[in-house]
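Have a look at the structure below, then the notes.
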Amino acid sequence: MEGAGARVVPVDFEQEDDDLVKQLNQINGIYIPGDSEDLINDSHKNFRYTKAVQRILQWSQKHNEKEESHFPIMSVGYGFLAMMKS
């Protein structure tokens, strides 16, 4: 992504909802990685990852309903499955 000119900013999926929303308001898109099947199993930490993906999807849906607003989401592999599970 950086090679294509994007400025990459990490998003901590364990942060509080208010902090997550503040960060989402400061960026213009998100990439949801998923390099391991462990991301979608039922452990506590992975449940939090899936819930964070759900919060991001809900926020982006509301954001994208506004006129001239666009917040792209890209997800691959198990990150995509986490989106479907949300």
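The packing ranking of peptides 47-58, 16-27, 62-73, highest mean first, is 47-58, 16-27, 62-73, where packing means the average number of other beta carbon atoms within 10 angstrom of each residue. If the chain linking Q15 and Q61 were pulled fully straight, counting 0.36 nm for each residue of separation and taking away their Cα-Cα distance, it would gain 14.6 nm.
Just so you know, all these numbers are worked out from the coordinates, no wet-lab data involved. Given the structure is predicted, the values throughout are model-derived calculations rather than measurements. Neighbour counts are summed over all protein chains in view; Cβ atoms, including those assigned to glycine, are modelled from backbone coordinates with ideal geometry.
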